[in-house]
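**Q** Sharing a structure here in structure tokens format.
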Amino acid sequence: MVSEQPFRNVPEVPSPDDLIDVAFRRASRASVKLPTKRDRTLVAKLKEITRVRTVTSVVVGRLREIKRSMPMVDSLNPFYRDMFYLMIDSDKFKIAMARLSKASQIVERLAKEYVNKIRSSSDAREASRSRREFYGRVASIIKELKEDLQVLSEVKKLKRLPSFDFDVPIIIVSGAPNVGKSSFVKCVSTAEPEIAEYPFTTKSVSVGHIIGPRGVVAQVVDTPGLLDRPLEERNKIELQAIIALKNLEGGIVFLIDPSETCGYDLDYQLNVLRSVREMFKDKPMVIALTKIDIASEEQIRRALDKLRGERVFRCNTLQCVGVSEVVDELLKVMRGHDRN
Ligand SMILES: Nc1nc2c(ncn2[C@@H]2O[C@H](COP(=O)(O)OP(=O)(O)OP(=O)(O)O)[C@@H](O)[C@H]2O)c(=O)[nH]1
Ligand SMILES: [Mg+2]
């Protein structure tokens, strides 16, 4: 499966103090290749030059590595791009990236300058003084990157987003709380659904895979707490997370519990349906009743009445009865949808 999770390799971004510590510690341990003709001043100078070079290579290397591992935001799949913009202040991100490059350049330039200074110093003390001066300047350059490193360290939160294969259809399962969404995902998934997180809330996303004889047929997504209420009741950040879902190529399974044992009456559930349908109007949707094992005939009839004109499936998501028909229908509608 070609899963794409653009944030998976984002590294831990160090604080300025940690970066400085590592660089200076490494430099103090760096070994120096001593010339055969030993002259004390020359040996001292070589030691200081090695320290300057080690600090430079650690700092510049680390800053470049951080930059390289950051995603190219504008070429991300729109789902991940939206999630990125939701989490990260994009202006600050761009500024941080630019400032990291700039800082690397300055450190490299200073290194050249101080290596020359050390070379031309007249004794060991002067060489050591120049090296310390270099350390001081590097430390202050890195300290100025505090906010930038902080912004970049936020990106790792996106690691927890689910990975999707964008070449395979995605089925988003929606419906009021407790109607049987997770049960539905479990029924149709071949293995245990993978649980990922929406980093900005306590909400998780679970992705199940339906595997056929020729590989993954569809990915089934459950977003607990996101698509289970009318959108008017959402705060801004949740709404944006929902908007990001619109970028996923796929369709919606909307579940309704006519028994109302979910704790929400039929009218409330239909209100959620209206709202989700409005939000995802360009996506095919299949509606199914759940809990038909415990709903009364009267309750089922009432639900079907209110959904007159719609094709409504019936399932028991506890015992996985009638669920594959729902998936097959949605996949069929989605194929037709793609051709139009
Ligand atoms: N009798 C019966 N119980 C069901 C059925 N489907 C789900 N349940 C039960 O209903 C409860 C909620 O099911 P879940 O699958 O967790 O529902 P959900 O929509 O994922 O709930 P939230 O994630 O909290 O919104 C559980 O106790 C299930 O065992 C069904 O078809 N019949
Ligand atoms: Mg659930």
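Bear in mind that the values in this text are calculations on the coordinates, not laboratory data. Given the structure is predicted, the values throughout are model-derived calculations rather than measurements. Quick reminder, even Gly has a Cβ in these numbers, built from the backbone with ideal geometry, and neighbours come from all protein chains shown.
**Q** Please state, to two decimals, what the Cα-based radius of gyration of region 156-240 comes to when divided by 2.2 N^0.38 Å (N = residues).
**A** Dividing the Cα radius of gyration by 2.2 N^0.38 Å gives 1.12.
**Q** Which far-off residues, 5 or more places away or on another chain, put their amide H under 5 Å from the one on residue 314, with H placed in the peptide plane?
**A** Distant-sequence amide H within range of residue 314: 289.
**Q** Let me ask another. Roughly how far apart, in whole Å, are the Cα centres of region 52-126 and region 275-318?
**A** Cα centroid to Cα centroid, the span is 55 Å.
**Q** Calculate how steeply helix 266-279 sits against the longest principal axis of the alpha-carbon atoms of the chain, using the helix alpha-carbon long axis, and give the answer as 0 to 90 degrees to the nearest 10.
**A** So the helix axis and the longest Cα principal axis differ by about 50 degrees.
**Q** Right, another one. Quick one: compute a quarter of the convex hull surface over the Cα atoms of the chain and quote it in nm².
**A** 22.5
**Q** Using only DSSP helix segments of four residues or longer, with each worth -39500 (n - 2.57), what per-residue ellipticity at 222 nm results for the chain after dividing by its residue count and rounding to 500?
**A** So the helix-based figure for the chain works out to -16500 deg cm²/dmol.
**Q** Follow-up. If R0 is 56 Å, what FRET efficiency do you get for residue 261 and residue 21 from their C-beta distance, rounded to 0.05?
**A** Working from the Cβ atoms, E equals 0.45.
**Q** Modelling each spin label as a point 7 Å along the Cα-to-Cβ direction, I'd like the residue 249/residue 311 distance in nm, to one decimal.
**A** Label at residue 249, label at residue 311, 2.3 nm between them.
**Q** For region 231-248, what does the Karplus curve 6.51 cos²θ - 1.76 cosθ + 1.60, with θ = phi - 60°, yield as ³J(HN,Hα) per residue in whole Hz, taken in order and with x for Gly and Pro?
**A** These are the phi-based 3J(HN,Hα) values: 5, 4, 8, 8, 7, 4, 5, 5, 5, 5, 5, 5, 4, 4, 5, 4, 6, 6 Hz.
**Q** Moving to a separate point now. Given an 8 Å cut-off on Cα distances and at least 6 residues of separation, report the relative contact order of region 16-158 as a percent.
**A** Result for region 16-158 is 36 percent.
**Q** Spelling out what I want: for every residue of region 206-212, take phi, set θ = phi - 60°, compute 6.51 cos²θ - 1.76 cosθ + 1.60 (Karplus), and round to whole Hz; glycine and proline get x.
**A** 10, 10, x, 10, 9, 10, x
**Q** Taking all pairs of distinct Cα atoms, average 1/r, flip it, and tell me the Kirkwood hydrodynamic radius of region 16-158 in Å to one decimal place.
**A** With all distinct Cα pairs of region 16-158 included, I get 16.7 Å.
**Q** For a protection proxy built on the mean count of beta-carbon atoms within 10 angstrom, sort 52-62, 179-189, 95-105 highest first, please.
**A** Ranking, from highest mean packing down: 179-189, 52-62, 95-105.
**Q** What angle, in degrees between 0 and 90 and rounded to the nearest 10, separates the Cα long axis of helix 16-29 from the longest principal axis of the Cα atoms of the chain?
**A** 40
**Q** Of 94/283; 203/283; 33/94, which pairs sit farther than 30 Å apart, going by alpha carbon to alpha carbon?
**A** Flagged as over cut-off: 94/283; 33/94.
**Q** Quick one: which of 74-83, 282-291, 232-241 comes out on top by average Cβ neighbours within 10 Å, and what's the full order, highest first?
**A** In descending order of packing, they fall as 282-291, 74-83, 232-241.
**Q** Here is a further query. With the contact rule set at Cα under 8 Å and sequence spacing of 6 or more, what percent relative contact order holds for the chain?
**A** Taking the mean separation of contacting Cα pairs over the length of the chain, I get 17 percent.
**Q** Using alpha carbons only, how many degrees (0 to 90, rounded to 10) separate the axis of helix 323-339 from the longest principal axis of the chain?
**A** Helix 323-339 sits roughly 70 degrees off the main axis of the chain.
**Q** Kindly write out, for region 259-265 in residue order, the coupling ³J(HN,Hα) from the Karplus curve 6.51 cos²θ - 1.76 cosθ + 1.60 (θ = phi - 60°), rounded to whole Hz, with x marking Gly and Pro.
**A** Here the 3J(HN,Hα) series is 6, 6, 6, 5, x, 10, 6 Hz.
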